[in-house]
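Here, each number is a calculation from the coordinates, and none is a lab measurement. These numbers come from a predicted model, not from an experiment. Cβ sites come from the backbone with ideal geometry, for glycine too, and all protein chains shown count toward neighbours.
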């Protein structure tokens, strides 16, 4: 009975870890999607920066205004690049947690298999003991019948 409880506990832990693993995989995919979108936006902003810098060179009167826009876009690009770096770090961290959860699930599956083997061995021992008891009772009965 205690072994059955341990088996149930181990199976529960394995199920919880699997669920956590799936959540982290989803989180990783979400972070990767955000990373790709941020990288595309960085490319778009850099293209805009280049366009505005070229336009600023074309006219003296528009130069100050366009340079202000360029400065703002460069600041936005800097923030986006920082966000990309943070997202890349998050992806790396999530990948580490996913690997750890894979390892934990493998270890728990191994423990579960070992416990199931022990349970089978104990069940076999119980069956053998029952058989010995039945045989002993039969011998006692045969002995009594001979005495009668």
Under the Debye formula (equal points on every Cα, no solvent term), log10 I(q)/I(0) of region 14-94 at q = 0.15 Å⁻¹: -0.63
Sorted by Cβ neighbour density within 10 Å, fewest at the top, the residues 65, 5, 111: 5, 65, 111
Ranked list, fewest to most other Cβ atoms within 10 Å of each Cβ, for 104, 33, 9: 33, 9, 104
Centre separation in Å (Cα based) which lies between region 121-148 and region 41-119: 73 Å
Helix axis angle, 2-58 relative to the chain longest principal axis, alpha carbon, degrees: 10 degrees
Region 51-122: Cα Rg divided by the 2.2 N^0.38 Å rule of thumb: 2.54
C-alpha long axis of helix 60-147 to longest principal axis of the chain, angle in °: 0 degrees
Ratio of the Cα radius of gyration of region 28-148 to 2.2 N^0.38 Å, where N counts its residues: 2.77
Relative contact order (percent, whole number), region 9-148, Cα cutoff 8 Å, 6+ residue spacing: 37 percent
Gain on full stretching of the segment that runs from residue 139 to residue 18 - 0.36 nm per residue minus C-alpha separation: 38.2 nm
Estimated [θ] at 222 nm from DSSP helical runs (n ≥ 4, -39500 (n - 2.57)) normalised by residues in the chain, nearest 500: -37500 deg cm²/dmol
Sorted by Cβ neighbour density within 10 Å, fewest at the top, the residues 74, 43: 43, 74
Average silhouette area of region 1-54, convex hull of alpha-carbon atoms, in square nanometres: 3.5 nm²
